[in-house]
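K.L.:
The structure under discussion is supplied below as structure tokens; questions concerning it will follow.
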């Protein structure tokens with residue numbers, strides 16, 4: 001077993017549901033809960049006030065402390081969460097951090113959040129002119145019908161129309177891997193998702209969504225709204241995680257300008273090309289800086305390890321980018337902007353309707369939704385100067401950092417990383433990936449809070 005305070009923020013969130021169930025069982029039914037001593041961590045605690053017993057029962061009447069713990073974990077405030085005291089039935093204290101962590105729970109929070117986000121959109125279309133709140137979203141999640149394979153969940157609701165008795169139909173479909181679906185639909189985990197619910201509601205309340213809600217509310221016809229979150233299908237060809245379709249005047253479902261690529265917890269990664277072979281890195285740099293690196297292929301192939309190959313090709317790419325910025329700064333800035341947009345939205349692959357609406361990148365973090373508008377990113381870059389830095393980390397793998405010259409804030413970085421994997425026969429091998437990660441300057445340049453509520457489309 002491991003103490004709770006040994007877990008990182010992501011795993012704490014995954015374990016939250018099971019832990020709260022254990023705490024409630026201890027409070028309500030007197031079930032013992034396990035904890036672990038740690039001399040270093042507990043050395044400053046008063047032994048007269050704190051117990052060192054490794055099996056305790058939590059005293060009743062502390063639900064407010066558990067709620068505070070839940071809030072802190074959901075907000076990624078680990079230190080505050082771990083430092084909360086609980087009183088045992090022996091009138092001795094324990095720290096939350098000393099509790100034994102429950103069994104690890106599988107699931108990818110980024111994929112799970114797609115289901116939450118889609119449920120918030122469905123709630124907005126159902127509630128019409130009423131306030132969308134967390135309770136409405138939670139109710140939809142709790143009401144999901146999951147198929148036998150545990151990879152698809154559906155919900156159907158209705159919404160009134162002005163001037164006619166018939167009601168619109170709102171269909172929600174969520175496609176996830178079974179582990180992620182199990183987490184989403186487990187009632188014990190609903191509070192662990194609270195910050196994602198809050199952030200999703202911010203987007204659902206934006207004008208671009210409300211305008212569609214009002215359109216079908218007042219158009220005096222019966223419409224169907226299809227909200228779909230797909231964390232599995234066609235993930236290699238499109239960046240769209242959540243999209244909305246609405247019937248037109250002919251009754252045909254058509255995509256509207258609500259198409260979202262979703263990230264969580266201020267994730268830096270927004271694009272990648274997998275593989276350590278030359279074709280992969282050539283595609284990567286062709287997209288990022290319009291350099292296919294063909295002149296370096298022969299030297300690349302002579303390198304004796306994957307790390308050396310990556311160091312060589314990244315170094316050459318950095319030098320080419322520096323030269324391009326010096327010889328043609330404005331043109332090169334446009335190239336960088338084009339690469340950013342392509343990685344973030346997959347350009348034409350992300351176009352989902354006849355109006356050319358593409359995908360918005362949304363980040364859900366600590367109860368806030370940030371929208372990244374890539375529509376004019378190239379044009380915006382023209383107003384600034386940029387430097388290129390190359391470095392090799394302790395792992396031996398390279399990184400190219402593009403910085404705004406005056407502030408030294410990172411626009412993006414191009415980074416090589418490696419994973420230790422095993423093939424079908426259990427034999428280990430190294431698998432390389434090439435990442436594009438956003439920096440603080442890009443966030444400042446094209447990021448905006450969903451609370452600002454503009455009408456945008458990428």
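The values are calculated or read from the model by the stated rules, or taken from the named source; none is laboratory data. Here the structure is a predicted model, which is why all the values come from computation and not from measurement. Neighbour counts are summed over all protein chains in view; Cβ atoms, including those assigned to glycine, are modelled from backbone coordinates with ideal geometry.
K.L.:
Taking segment 280-307, which residues are more than 20 Å from residue 340 (Cα to Cα) and without any contact (Cβ under 8 Å) to a residue 40 or more places away in the chain?
P.N.:
Residues of segment 280-307 that are more than 20 Å from residue 340 (Cα to Cα), as a first pass: 294-307.
Within segment 280-307, 294, 295, 296, 297, 298, 299, 300, 301, 302, 303, 304, 305 qualify.
K.L.:
Here is a check on your reading of the model: is residue 200 in a helix (DSSP H, G or I) and either without any contact (Cβ under 8 Å) to a residue 40 or more places away in the chain or surrounded by fewer than 23 Cβ atoms within 10 Å (Cβ to Cβ) (or both)?
P.N.:
no
K.L.:
Go through segment 87-141 and report how many residues are on the phi > 0 side of the Ramachandran plot and buried (at least 20 other Cβ atoms within 10 Å of the Cβ).
P.N.:
Restricting attention to segment 87-141, the residues satisfying the condition of being on the phi > 0 side of the Ramachandran plot are 91, 107, 128.
Retained after the next criterion (residues that are buried (at least 20 other Cβ atoms within 10 Å of the Cβ)): 107.
So the answer is 1.
K.L.:
Only one of (1) surrounded by fewer than 18 Cβ atoms within 10 Å (Cβ to Cβ); (2) more than 15 Å from residue 129 (Cα to Cα) is not met by residue 191, so which one is it?
P.N.:
(1)
K.L.:
Go through segment 393-405 and count every residue that is touching a helix residue (DSSP H, G or I) at 6+ places or on another chain (Cβ under 6 Å), touching a residue at least 40 places away in the same chain (Cβ under 8 Å) and assigned to a strand (DSSP E or B).
P.N.:
Residues in segment 393-405 being touching a helix residue (DSSP H, G or I) at 6+ places or on another chain (Cβ under 6 Å), touching a residue at least 40 places away in the same chain (Cβ under 8 Å) and assigned to a strand (DSSP E or B): 2 in total.
K.L.:
Pull up segment 409-430, narrow it to residues that are in contact with a strand residue (DSSP E or B) (Cβ under 8 Å, 6 or more places away or on another chain) and surrounded by fewer than 14 Cβ atoms within 10 Å (Cβ to Cβ), then point me to the one that is farthest from residue 307 (Cα to Cα).
P.N.:
Within segment 409-430, the match that is farthest from residue 307 (Cα to Cα) is 423.
To keep it simple, each residue is scored yes or no on (1) within 28 Å of the chain's Cα centre (by Cα); (2) over 19 Å from residue 2 (Cα atoms); (3) in contact (Cβ under 8 Å) with a residue 40 or more places away in the chain.
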{"position": "61", "(1), (2), (3)": "no, yes, no"}
{"position": "69", "(1), (2), (3)": "yes, no, no"}
{"position": "77", "(1), (2), (3)": "yes, yes, no"}
{"position": "81", "(1), (2), (3)": "yes, no, yes"}
{"position": "88", "(1), (2), (3)": "no, yes, no"}
{"position": "93", "(1), (2), (3)": "no, yes, yes"}
{"position": "108", "(1), (2), (3)": "yes, yes, yes"}
{"position": "112", "(1), (2), (3)": "yes, yes, yes"}
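K.L.:
If you go through segment 24-33 one residue at a time, do you hit one that is in contact (Cβ under 8 Å) with a residue 60 or more places away in the chain and not assigned by TED's automatic domain parsing to the domain that holds residue 205?
P.N.:
Scanning segment 24-33, I find at least one residue that is in contact (Cβ under 8 Å) with a residue 60 or more places away in the chain and not assigned by TED's automatic domain parsing to the domain that holds residue 205, so the answer is yes.
K.L.:
Do we find a residue being more than 16 Å from residue 122 (Cβ to Cβ), surrounded by fewer than 22 Cβ atoms within 10 Å (Cβ to Cβ) and at pLDDT 95 or above anywhere in segment 222-236?
P.N.:
yes
K.L.:
Answer yes or no as to whether residue 356 is loosely packed, with under 15 Cβ neighbours inside 10 Å and modelled with pLDDT of 90 or more.
P.N.:
No: the conditions fail for residue 356.
K.L.:
While we're on this one: Could you please find all residues in segment 134-171 being under 23 Å from residue 208 (Cα atoms), in a loop (DSSP other than H, G, I, E, B) and touching a helix residue (DSSP H, G or I) at 6+ places or on another chain (Cβ under 7 Å)?
P.N.:
The answer is 161, 162.
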